[in-house]
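Q: First, the structure itself, so that you have it in front of you.
Taken together, the values in this text are just the output of simple stated rules run on the coordinates, not laboratory data. The shown structure was predicted, so the numbers you read here are calculated from the model rather than taken from an experiment. Glycine also receives a Cβ, built like all others from the backbone with ideal geometry; neighbour counts cover every protein chain displayed.
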Amino acid sequence: MPVPEAVAAATQTAGDAIVQEHCRSCGGELEVFLSLGDMPLPDALLRPEQLTLPEPRYPLDVAFCPSCSLVQILQDVPPERLFVDNYLYFSSFSTGLVRHSAEHARRLVAERGLGPDSLVVEIASNDGYLLRNFVEAGVPVLGIDPAPQQAAAANAVGVPTLTEFFDAELARRLRAEGKRADVIVANNVMAHTPTLNSFVEGLSILLADDGIATIENTYVKDLVDHYEFDTIYHEHFCYFSCSAVDALARRHGLYLNGIEHFPSLQGGTLRWRLGTRETPDRSVAEYLEAERASGLTKVGYYREFASGVHRIKSELSELLRSLRSEGKTIAAYGAAAKGSTLVNFVGIGPETVDYVVDRNVHKQGLLMPGTHLPIRDPSVLLETMPEFLLLLAWNYKDEIAEQQREYLGRGGRFIVPVPRPEIL
Ligand SMILES: [Zn+2]
């Protein structure tokens, strides 16, 4: 079967972005259901002296493929612009993720009977946070991650790591060197790859005959049902359902054999287990049937979501406007990519929100892209006591409440933007 990457040869451009004209997975016709407008790059925080320079913006249109159910954005921003130099995320800093990964590794070792003759490959292995567990169990591993600092950190803790992007070509090279993986783990990476077919083809090339691939990504159903539209940005090319993963896997001779749901991980994550043979457990038919029954395989589901997104936009701007007109002060919490989508889509600038706080010291002193809210240390909250705090990082609401007990104790109030704007 032809691989549609070539079929979908995208031709239009928006600035230096490539605009997809066909589905990234099957090459089918797309239906656009949501346009978020011209957006700055979500992680491109500005230094104050950069305010006078032109800031690149790209349209952000979201589409559904009626043929294979894949939700995707149309615009491909060039990777050298997209993954800017402040890529400073080290997985080992996230205790929840470290625990989740260690459990997963322990289970794989036991269930697959992994030992000194096995090979576990992880794509986007970051600083070795997951593969370390296999190394400790005496299982040979190979990490693959294009980020040099993270790969260096992994190598330093004894997790051999290649500093490269994973695709079919790399998989062919590794196989030619005699490497076949018993397990491939790919967590939170499939959405970030613009060359989706080459990625999955690579999995099928590198897997051993009875090998399995486990893939984790946020679930498009959670995104839609909870109106998490702010998790849509240019770094995320695709938003997966089980139906879309099933179609994608089959095209490359792989089969969806198991599905697990982690509702509290990153706003709702699924783990898909793919194999070279079709041996599905009960979860597969259950999920596929539930997706058909709930409408997830039809564009109407996503059009309704889009109306809800526009409703949130008007309700939130109205809420903030009326608070400001009563003379209230408002700050925001969380200068991450999703915060950038939210403030730029809703149009929240310094006339409404005084500043954003973020615990990442590398972000403090910089400005949010697009609406240019200044980013400050969270300690400023107690010094200036804004009456309201808009939680851009709403997914960490409980953690922020814990951290900001004193702010709340002195009468500060939280505003959550989704699933509907609300003062807590
Ligand atoms: Zn498609």
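Q: Starting from the amide H of Leu207, placed 1.01 Å from N in the peptide plane, find each other amide H under 5 Å away whose residue is 5 or more places distant or on another chain.
A: Under 5 Å from the amide H of Leu207 lie the amide H atoms of Ala181, each far enough along the sequence or on another chain.
Q: Using bins 5 angstrom wide from zero, how does P(r) for the stretch 91-278 break down, in % of all Cα pairs?
A: With a bin width of 5 Å, the distribution comes to 1, 8, 17, 22, 22, 18, 9, 3, 1, 0.
Q: To make sure I understand, if each residue's beta carbon is the centre and we count other beta carbons within 10 Å, what order do Leu391, Leu97 fall in, fewest to most?
A: By the 10 Å Cβ count, ascending: Leu97, Leu391.
Q: Modelled label-to-label distance, Arg99 and Thr52, 7 Å Cα→beta-carbon offset: nm?
A: Here the modelled spin labels are 5.0 nm apart.
Q: Something else about it: If I model a spin label at Ala208 and His192 as a point 7 Å from the Cα along the Cα→Cβ vector, what separation in nanometres do I get?
A: Each label point is offset 7 Å from its Cα along the Cβ direction, giving 2.8 nm.
Q: So, in nm, how far is label Arg81 from label Tyr255 when the simple model puts each one 7 Å beyond its Cα toward the Cβ?
A: Between Arg81 and Tyr255, the simple spin-label model gives 4.4 nm.
Q: Ratio of alpha-carbon Rg to the 2.2 N^0.38 Å globular estimate for the stretch 301-423, to two decimals, please.
A: Working: Rg = 13.9 Å, N = 123, 2.2 N^0.38 = 13.7 Å.
Scaled against compact globular proteins, the figure is 1.01.
Q: Next question, about the same structure. With a 10 Å Cβ neighbour count serving as the proxy for reagent exposure, in which order, fewest first, do Phe90, Phe199 appear?
A: Ordered by Cβ neighbours within 10 Å, fewest first: Phe90, Phe199.
Q: Just for the Cα atoms in the stretch 20-86, what are the lengths along the principal axes, largest first, rounded to whole Å?
A: Cα spread of the stretch 20-86 along its principal axes, largest to smallest: 48, 21, 14 Å.
Q: Scattering from the C-alpha atoms of the stretch 242-354 alone, worked out with Debye: what is log10 I(q)/I(0) at q = 0.10, 0.11, 0.18, 0.20 1/Å?
A: After summing over all Cα pairs, the log10 values are -0.52, -0.59, -0.98, -1.08.
Q: Something else now. In nm, what is the difference between 0.36 nm times the number of residues separating Arg107 and Ala156 and their Cα-Cα distance?
A: 15.1 nm
Q: Treat the count of other C-beta atoms within 10 Å as a stand-in for reagent exposure and order Arg112, Arg321 from fewest to most.
A: Final ranking by Cβ density, sparse to dense: Arg321, Arg112.
Q: What ratio of Cα Rg to 2.2 N^0.38 Å holds for the chain?
A: Numbers: Rg = 22.0 Å, N = 424, 2.2 N^0.38 = 21.9 Å.
Scaled against compact globular proteins, the figure is 1.00.
Q: Here's another thing I want to ask about it. At R0 = 25 Å, how high is the FRET efficiency between Ser314 and Leu424 if r is their beta carbon distance? Nearest 0.05 is fine.
A: E(calc), rounded to 0.05, equals 0.75.
Q: Once you have a ≥ b ≥ c as the square roots of the Cα gyration tensor eigenvalues for the stretch 290-365, tell me rounded if a/c is under 1.5, and otherwise prolate or oblate according to whether a/b is larger than b/c. Don't skip to the end; give the middle numbers.
A: Numbers: a/c = 3.76, a/b = 1.69, b/c = 2.22.
In terms of gyration-tensor shape, oblate.
Q: Using only the alpha-carbon atoms of the stretch 215-294 as identical scatterers, what base-10 log of I(q)/I(0) does the Debye formula give at q = 0.22 Å⁻¹?
A: So the normalised log intensities work out to -1.06.
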